[in-house]
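Reading through the structure tokens given below for one structure.
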Amino acid sequence: MNEGNTSLYINRFLRAYLNVFTLKEFIMYLNYLDVSITKEEAEEIIDGSSYVFPLTRGKYITRAAVFTNKYFSFVLTKEEIENKCFVPGHRCMPFVDQDIISCSLIFKYKNEILSKRTKEFSKEFALEHFSLYGEEYEAQYIANDFGMRDFKLSENDYEIPQNVSFCSVDLSEIMKDEELVPGDRILLKVVNWDEGILEIEPEHRSKDSKLELTDDDIERNKWYKTLEKSLLELFKKIGPCGSIEEELAVAFFEHIDDLTQKSCGSIEEFLKKTKKVSVELFGVETRLWKKGENVPAVGSWNGDIDSNKKTIPENLIYSVPDFMLDEYIKDFAYQKKNNLNDLLKIIFPKSFYIPDKYREELLLHITNRNDIILKSYNWFADKKIGEIRNRALALYTKISYLVYEIDRTGGKFGSYPQQELVILVQLYTHLSKLIETISYDPESIVKDYDTISVSIEGMEFNFEDIEGELRNAVFACKKNEFTVVK
């Protein structure tokens, strides 16, 4: 069985299996398809998958199973009614797969697929309805909409224009049956999570009942309180997740039956009503968090309120992967340097505690990989990638060294400035992913050269902003470790 088919079968299971399962059942499914897999490998796949929620007693459930046939809703705006269409944006979050671009989701009404058409909306509308992707990413999501094919974000200083064209879902068929006005609610149900297919049920108030509080209104208010409670529980138990979408996914999963009734509200309405939750800064990103508070690096979720410890990248000396070493070697070749002892000192400075024997092993390993890489390395072909790689590795080296210095102070991360510490970890993570992409998918780097170049420039500025304060904190921590001996 080739690796491509194995990945296909695994992905198929994780995206479409609609029952609770165990590791044993997952392994049996793959064995049936002639895919041999160990328990440890299966565990690593399941635990590392964003498509799976863990249950108790060794059981799991997929996102597809959790959200299929569950209800959610949003409210139509004046602009949408005027254009006779709606923009999905972030409104289907977290019920659909976030790897599916929202304008490509399929919406059905009375078993018929609703058509799409490109309509123009204001910049304010666009930002409001893509904000849950995170302030740091919303412009990219807007620019990637099919209606924005002719717009180049990098050529417009990464600014969204005053008027935005969206590939929108046509409401004409619904309007033949229903008189829709701004404020009317669209109720949706996921019918095929894997393929991104949803059914629509319009809901509207009669003109005579607009000022009356209905039973659904009362239930909806309970919905807002339940979601607020679920998010506050999540903040305390899990802390900031990998994204706002992940926070919402976990919050809904924890209270799935209460939050997916037909009388449900919308996330947009919830954020306007709640006084306890809002979108807050988390380093250079944003998360849902307690209103008015920046998201800290440490808290009860990492078990470190007393010990002031936080899980950040561990001692980097022994964990540099081969793809990273390869990129350092290529960068050295790009700079037309060949002293591998000097390269070893760049990757692992003297202050990194490494036994001499291990340094010798590292040098031998780097030498062997260098010999292999130089056989096919072409400086002229590498020039454009080389420029990006050189800047990325230069910054990665500085950040790695600072992370190591912080780690050496005994893990007292509660004594460090929290937002600066969060930004440092985010920069380390983003750069690691970028260098991995350079290694495995260089063509995408060339294609998005301008965007990536600006991104690295932004990371360089961010690091300059936080470096001084974090180094001062390192010095203060080291100073506190010394005692005066009389």
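The values are calculated or read from the model by the stated rules, or taken from the named source; none is laboratory data. Every value quoted in this text rests on a predicted model; they were computed, and no experiment measured them. Cβ: placed from backbone, ideal geometry, glycine included. Neighbour counts: every protein chain shown. In case anyone asks, the SASA skips ligands and DNA or RNA and just uses the protein heavy atoms, side chains included. Shrake-Rupley method; radii C 1.70, N 1.55, O 1.52, S 1.80 Å.
Only one of 33, 76, 55 is more than 21 Å from the chain's Cα centre (by Cα), in contact (Cβ under 8 Å) with a residue 24 or more places away in the chain and farther than 27 Å from residue 261 by Cα; which? Explain how you work it out, then say what you get.
Values: 76 fails: farther than 27 Å from residue 261 by Cα; 55 fails: farther than 27 Å from residue 261 by Cα.
Only one candidate qualifies: 33.
Identify the residue in region 48-66 that is outside any strand (DSSP E or B), farther than 17 Å from residue 29 by Cβ and not hydrophobic (A, V, I, L, M, F, W, C) and, among all such residues, is least open to solvent (accessible area, probe 1.4 Å).
Within region 48-66, the subset outside any strand (DSSP E or B) is 48-51, 55-58, 63-66.
Retained after the next criterion (residues that are farther than 17 Å from residue 29 by Cβ): 48, 50, 55-57, 63, 66.
Of the ones still in play, those that are also not hydrophobic (A, V, I, L, M, F, W, C) are 48, 50, 56-57, 63.
Working: 48: 67, 50: 77, 56: 106, 57: 227, 63: 22 Å².
The selected residue is 63.
Which one of these is among the polar types (S, T, N, Q) and out of contact with any helix residue (DSSP H, G or I) (no Cβ under 8 Å at 6 or more places or on another chain): 77, 62, 22? Working first, answer last.
On the way: 77 fails: out of contact with any helix residue (DSSP H, G or I) (no Cβ under 8 Å at 6 or more places or on another chain); 62 fails: out of contact with any helix residue (DSSP H, G or I) (no Cβ under 8 Å at 6 or more places or on another chain).
It is 22.
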> With (1) among the polar types (S, T, N, Q); (2) outside any helix (DSSP H, G or I); (3) within 27 Å of residue 56 (Cα to Cα) as the list, and residue 263 as the residue in question, which single condition is left unmet?
Replying inline: (3)
> Can you name the residue in region 161-177 that is in contact with a helix residue (DSSP H, G or I) (Cβ under 6 Å, 6 or more places away or on another chain) and surrounded by 20 or more Cβ atoms within 10 Å (Cβ to Cβ) and is also farthest from residue 91 (Cα to Cα) among such residues?
Replying inline: 164
>> Would you confirm, using the coordinates I've provided, whether residue 398 is closer than 20 Å to residue 347 by Cα, modelled with pLDDT of 90 or more and open to solvent by 50 Å² or more (accessible area, probe 1.4 Å)?
In response: yes
>> As an exercise: evaluate residue 150 against (1) under 15 Å from residue 86 (Cα atoms); (2) open to solvent by 50 Å² or more (accessible area, probe 1.4 Å); (3) part of a loop (DSSP other than H, G, I, E, B) and give the number of the one condition it does not meet.
In response: (1)
>> Condition check: in contact (Cβ under 8 Å) with a residue 24 or more places away in the chain and closer than 30 Å to residue 215 by Cβ. Does residue 277 satisfy that?
In response: yes
> Which members of region 85-117 meet the condition of being more than 21 Å from the chain's Cα centre (by Cα) and within 22 Å of residue 143 (Cα to Cα)?
Replying inline: 85, 86, 87, 106, 107, 115, 116, 117
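Among residues belonging to region 459-471 that are open to solvent by 30 Å² or more (accessible area, probe 1.4 Å) and in contact (Cβ under 8 Å) with a residue 60 or more places away in the chain, point out the one that is farthest from residue 153 (Cα to Cα). Step through it out loud before you land on a result.
Restricting attention to region 459-471, the residues satisfying the condition of being open to solvent by 30 Å² or more (accessible area, probe 1.4 Å) are 460-462, 464-465, 467-469, 471.
Retained after the next criterion (residues that are in contact (Cβ under 8 Å) with a residue 60 or more places away in the chain): 460, 462, 467, 471.
Details: 460: 21, 462: 21, 467: 30, 471: 35 Å.
Once the filter is applied, the top-ranked residue is 471.
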> Of all residues in region 89-127, which are free of Cβ contacts under 8 Å to residues at least 24 places away in the same chain and closer than 28 Å to residue 458 by Cβ?
Replying inline: 99, 124
> So is residue 107 aromatic (Phe, Trp, Tyr), in a strand (DSSP E or B) and either open to solvent by 40 Å² or more (accessible area, probe 1.4 Å) or touching a Gly at 6+ places or on another chain (Cβ under 8 Å) (or both) or not?
Replying inline: no
> Is there any pair linking a residue in region 246-258 that is at negative phi and outside any helix (DSSP H, G or I) to one that is open to solvent by less than 40 Å² (accessible area, probe 1.4 Å) and of a type in the set (A, V, I, L, M), with Cβ under 8 Å and at least six apart or on different chains, and which?
Replying inline: 255/227
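For the subset of region 285-344 comprising residues that are closer than 30 Å to residue 357 by Cβ and among the β-branched types (Val, Ile, Thr), which member is modelled with the lowest pLDDT?
Pass one, region 285-344, residues closer than 30 Å to residue 357 by Cβ: 311-333, 335, 337-344.
Filter again for among the β-branched types (Val, Ile, Thr), leaving 311-312, 317, 320, 329.
On the way: 311: 44, 312: 43, 317: 40, 320: 76, 329: 95.
Across region 285-344, the extreme among qualifying residues is 317.
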> Which of the residues spanning region 73-101 are open to solvent by 10 Å² or more (accessible area, probe 1.4 Å), of a type in the set (A, V, I, L, M, F, W, C) and not in a loop (DSSP other than H, G, I, E, B)?
Replying inline: 75, 81
